[in-house]
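The structure appears below as structure tokens.
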Amino acid sequence: MRVLASILILCISLLSTAARAQPLTLEDMTDASGMTMASLSPDGRHIAAILFGGTNYVLILIDTETLAVKKLREGGRYSKGYWGYLKAPYNVTWADNDVLAVDYGYDAESMDLEGKKLHTLGETVIGRFGAGAAAGDVLVMKDERNHLMARCKARTAQCTKLWHPDGKPVHLAFDKEGTLRAVTVMNSSLFKEATTVANWYKPADKNTWTKLAEFGVDDDYWVPVYVPDEPNTLVIGSRAGRDTRALFHYDTVERRQTELLAGHPTQDILWFKGIDKTAFDSVVTGGMMREQVWFDPAWAGMQKQIDVLLPKRVNVISGDPRRAVLVHSYADVDPGTWYYFDIAKKSLVMVGKARAAVDRARMRPMEIMSYKAADGLTIPAYLTRPAGAATPAPMIVLIHGGPIARDYWEWDRDVQLFADRGYLVFQPQFRGSSGFGRKFQEAGFREWGKSMQDDITDGVRYLVSQGIADPQRICIVGASYGGYAALWGLVKTPDLYRCGISFAGVTDIGDLFSDWTDVTFNKAVRQMRKRQIGDRALDAERFDAVSPLKHAARIQSPVLLIHGKDDERVPVAHGKRMRDALEANHKQVAWLALDEEGHSLYRQVSQIAYYEAIFGFLDKHLPVSQAPHAHGPAPGVPRPGETSAAAGLPRVE
């Protein structure tokens, strides 16, 4: 409880946020203690928040008038048959002004404002119904395995099952009364390799469902997002007829997309609020920096006020713009801070911090940049410069996983640790990354090791040509797909990188299709991979041509391989086989296998071991203090055609 008390003092009592004198430490940067979420009650009188103290979670209640704090629930050990686990609050939803719906990971319950349990609700609380629905109603997942959802009154646990067509629901659309009126369901064929996605609709005056459209799971299908009052009308999210996802009206009788409601030419719309014929509150776009566009004048005015008070940040606001709002503010230099803004008092009060141990004053800003690939495609990227570094600087090329994923303008621990130690950090959003439109994403399909990799190479060469990066001191680093790209970069462009680091990286693309993983028997995933990566039966030769394992002999630079022993997405065998192949070819390779970790690292002790291995490796092969080289390879890196003996790097199982 001593740790919890210190967090409460830090988060609620508004201690000074001045920068500390001591340098960044791995212990501070991996310390997740702090506020993890906060939510304002509908009447604005209370804030429910969850704090993490390093080993346990605590649900608290903050009085917005006095800022007094009340502890409602702390995690504890719980047994279910022969199975024991830490039952701790990790998410909270306001069902009504005096009733909370609390998620514990394996079950959910309703609670009053004294912390007393009212009822068990189900497995997970999906969310609260809109203002038009009855107060206290929440959407609950009763049985995820059997796709059973219900609308439940949190105060009494009286639940009504939500009936929908057979299949796994992946998108739901309600009307303003909270009635389920449209749904997207996914079904896999029993005897063939095919998964379909279907959109269904139910009119207000009928109890029967009508199928509006059906697609393959790998098609670019539209989804319902809201059912307005107008008869025979849906609001849908769609990219039909355009490159980026936008919001449209859809005619359920003629079964066609009609009026454009909101769209952006180069950015997908990720989220919306209050879309109806009589009210269109806001949309959120997903460019290189998240942007919320308000159509409601009161909210637009409030957003402007908050953005002036908290500049150069993403400020997510909720509450009542005429009375009081809760602000979740984050930035490239801030993991997240929550503020309460009282309009009448004109006071902005900090009520909590995420990752409270992180020294915000020492974080480095992320720059947004772009460059041209060899074929003319514009590639967006982030660039983070170390403080006071001379150029050209040593550089880390940090590749995101997915690859249908992306990096964001937000606090990134890897970026900040590399920059703090003197490295320039380059994050290319190569073709195939998500969020930049359909054409950009699909340009990366079946391009593992080819144009996707070339985009990374072109970005590195651009920064070198601009005198920003030292061409003799560049290391490529990544996890999952990024780990694959790091290894393939060492194979394809051996003169470009002085070292490479791969965490949980794919080393053989063919094995990705045959491994026993958490998605081995998921037909939808297999079907999407076939389109996005290729067909193992038809493309084995092409896969071998761009698989690092098959070309270990071509790698010239030192390699660090890290893998979680319990990885169920990319099994540890990928890393072990790559390690063995590098050793068999007398390459410099270091190996670290982490106990009780999977495709991500959750334990602080593992995160510290991970970074210690990385920075020990970099200190040896890419030291920041080393003067820039005008000519020739970096010391310890063999010239093309030469073979280096294993350098005694550690091999830790």
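Taken over region 176-201, the residue count meeting the criterion of being closer than 16 Å to Arg255 by Cβ and aromatic (Phe, Trp, Tyr) is 2. Condition check for Leu496 on (1) crowded, with 18+ Cβ neighbours inside 10 Å; (2) within 29 Å of the chain's Cα centre (by Cα); (3) without any contact (Cβ under 8 Å) to a residue 40 or more places away in the chain: one failure, at (2).
For (1) in contact with a strand residue (DSSP E or B) (Cβ under 7 Å, 6 or more places away or on another chain); (2) surrounded by 14 or more Cβ atoms within 10 Å (Cβ to Cβ); (3) at pLDDT below 90; (4) not assigned by TED's automatic domain parsing to the domain that holds Trp271, each residue gets a yes or a no:
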| position | (1), (2), (3), (4) |
| --- | --- |
| Asp175 | yes, yes, yes, no |
| Lys192 | no, no, yes, no |
| Thr196 | yes, yes, no, no |
| Trp200 | yes, yes, no, no |
| Leu212 | yes, yes, no, no |
| Val227 | yes, yes, no, no |
| Val235 | yes, yes, no, no |
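Residues of region 458-476 that are more than 28 Å from the chain's Cα centre (by Cα) and acidic (Asp, Glu): Asp470 alone. Just the residues that are closer than 29 Å to Gly437 by Cα and surrounded by fewer than 17 Cβ atoms within 10 Å (Cβ to Cβ), please, taken from region 345-376. If the condition is that a residue be closer than 29 Å to Gly437 by Cα and surrounded by fewer than 17 Cβ atoms within 10 Å (Cβ to Cβ), then Pro365, Glu367, Ile368, Ser370, Lys372, Ala374, Asp375, Gly376 are the ones that fit.
Can you name the residue in region 217-249 that is in contact with a helix residue (DSSP H, G or I) (Cβ under 7 Å, 6 or more places away or on another chain) and of a type outside the set (Asp, Glu) and, of all such residues, is nearest to Ile269 (Cα to Cα)? Filtering region 217-249 for residues that are in contact with a helix residue (DSSP H, G or I) (Cβ under 7 Å, 6 or more places away or on another chain) and of a type outside the set (Asp, Glu), the one nearest to Ile269 (Cα to Cα) comes out as Arg239. Please indicate, with yes or no, whether at least one residue in region 558-570 is surrounded by fewer than 24 Cβ atoms within 10 Å (Cβ to Cβ), basic (Lys, Arg) and not in a loop (DSSP other than H, G, I, E, B). Scanning region 558-570 turns up no residue that is surrounded by fewer than 24 Cβ atoms within 10 Å (Cβ to Cβ), basic (Lys, Arg) and not in a loop (DSSP other than H, G, I, E, B). Checked against (1) farther than 26 Å from Pro228 by Cβ; (2) in contact (Cβ under 8 Å) with a residue 24 or more places away in the chain, Val140 passes all but a single condition, namely (1).
Could you please let me know if Gly44 is under 29 Å from Asp342 (Cα atoms) and part of a loop (DSSP other than H, G, I, E, B)?
yes
Evaluated against (1) farther than 20 Å from Ile368 by Cα; (2) basic (Lys, Arg); (3) in contact with a Phe, Trp or Tyr (Cβ under 7 Å, 6 or more places away or on another chain), Arg438 falls short on exactly one condition, (3). Of the numbered criteria (1) closer than 30 Å to Phe445 by Cβ; (2) in a loop (DSSP other than H, G, I, E, B), the one Asp414 fails is (2).
Per-residue answers, yes or no, for (1) touching a Gly at 6+ places or on another chain (Cβ under 7 Å); (2) farther than 23 Å from Glu291 by Cβ:
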site	(1), (2)
Ile404	yes, no
Trp448	no, yes
Gln453	yes, yes
Asp458	no, yes
Leu463	no, yes
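For region 571-582, taking the residues that are in a helix (DSSP H, G or I) and free of Cβ contacts under 8 Å to residues at least 24 places away in the same chain, the one that is surrounded by the fewest Cβ atoms within 10 Å (Cβ to Cβ) is identified as Asp580.
Those helices (runs of 4 or more DSSP H) of region 423-524 in which 1 or more residues are over 12 Å from Val397 (Cβ atoms) and among the aliphatic types (A, V, I, L, M) occupy 451-465, 481-492, 509-514. Per this entry, Val519 is counted among residues that are surrounded by fewer than 18 Cβ atoms within 10 Å (Cβ to Cβ) and within 26 Å of the chain's Cα centre (by Cα).
The condition (being under 27 Å from the mean Cα position of the chain (by Cα) and either surrounded by fewer than 21 Cβ atoms within 10 Å (Cβ to Cβ) or within 25 Å of Ile474 (Cα to Cα) (or both)) is satisfied by just one residue among Ala593, Ala553: Ala593.
Does Trp271 meet the test of being surrounded by 20 or more Cβ atoms within 10 Å (Cβ to Cβ), of a type in the set (A, V, I, L, M, F, W, C) and at pLDDT below 95? So Trp271 fails the test. The residues in region 596-620 that are surrounded by 21 or more Cβ atoms within 10 Å (Cβ to Cβ) and among the acidic types (Asp, Glu) can be counted, and the count is 1. Residues in region 81-109 that are free of Cβ contacts under 8 Å to residues at least 24 places away in the same chain and not in a loop (DSSP other than H, G, I, E, B) were compared, and the one that is surrounded by the fewest Cβ atoms within 10 Å (Cβ to Cβ) is Trp83. Condition first: more than 15 Å from Val425 (Cα to Cα) and of a type outside the set (A, V, I, L, M). Now tell me which residues in region 473-497 satisfy that. Passing the criteria: Ser480, Tyr481, Gly483, Tyr484, Trp488, Gly489, Lys492, Thr493, Pro494, Asp495. Checked against the criterion of being in contact with a Phe, Trp or Tyr (Cβ under 8 Å, 6 or more places away or on another chain) and within 21 Å of Ser79 (Cα to Cα), region 125-141 contains not a single residue that satisfies it. The residue pairs whose first member lies in region 533-549 and is over 18 Å from Thr493 (Cα atoms) and not assigned by TED's automatic domain parsing to the domain that holds Phe503, whose second member is hydrophobic (A, V, I, L, M, F, W, C) and surrounded by fewer than 17 Cβ atoms within 10 Å (Cβ to Cβ), and whose beta carbons are closer than 7 Å, counting only pairs six or more residues apart or on different chains, do not exist in this structure.
Pairing each residue of region 208-234 that is at positive phi with any residue that is in a loop (DSSP other than H, G, I, E, B) and not hydroxyl-bearing (Ser, Thr, Tyr), provided the two are 6+ apart or on different chains, yields C-beta distances under 9 Å for Asn232/Pro203; Asn232/Val253; Asn232/Glu254. Among the residues of region 143-169, those identified as more than 29 Å from the chain's Cα centre (by Cα) and either surrounded by fewer than 18 Cβ atoms within 10 Å (Cβ to Cβ) or not in a loop (DSSP other than H, G, I, E, B) (or both) are Cys152, Lys153, Arg155, Thr156, Ala157, Gln158, Cys159, Thr160, Lys161, Trp163, Pro165, Asp166. How many residues does region 320-342 contain that are β-branched (Val, Ile, Thr) and over 16 Å from Ser41 (Cα atoms)? Residues meeting the conditions: 2. In a residue-by-residue description of region 280-300, the property of being within 27 Å of the chain's Cα centre (by Cα), crowded, with 16+ Cβ neighbours inside 10 Å, farther than 30 Å from Met369 by Cβ and in contact (Cβ under 8 Å) with a residue 60 or more places away in the chain applies to no position. Being among the small types (Gly, Ala, Ser) and under 31 Å from the mean Cα position of the chain (by Cα) is a property that Ala204 lacks.
The values are calculated or read from the model by the stated rules, or taken from the named source; none is laboratory data. As the structure is a prediction and not an experimental result, all values here were calculated from the model. Glycine gets a Cβ as well: all are built from the backbone with ideal geometry, and neighbour counts include every protein chain shown.
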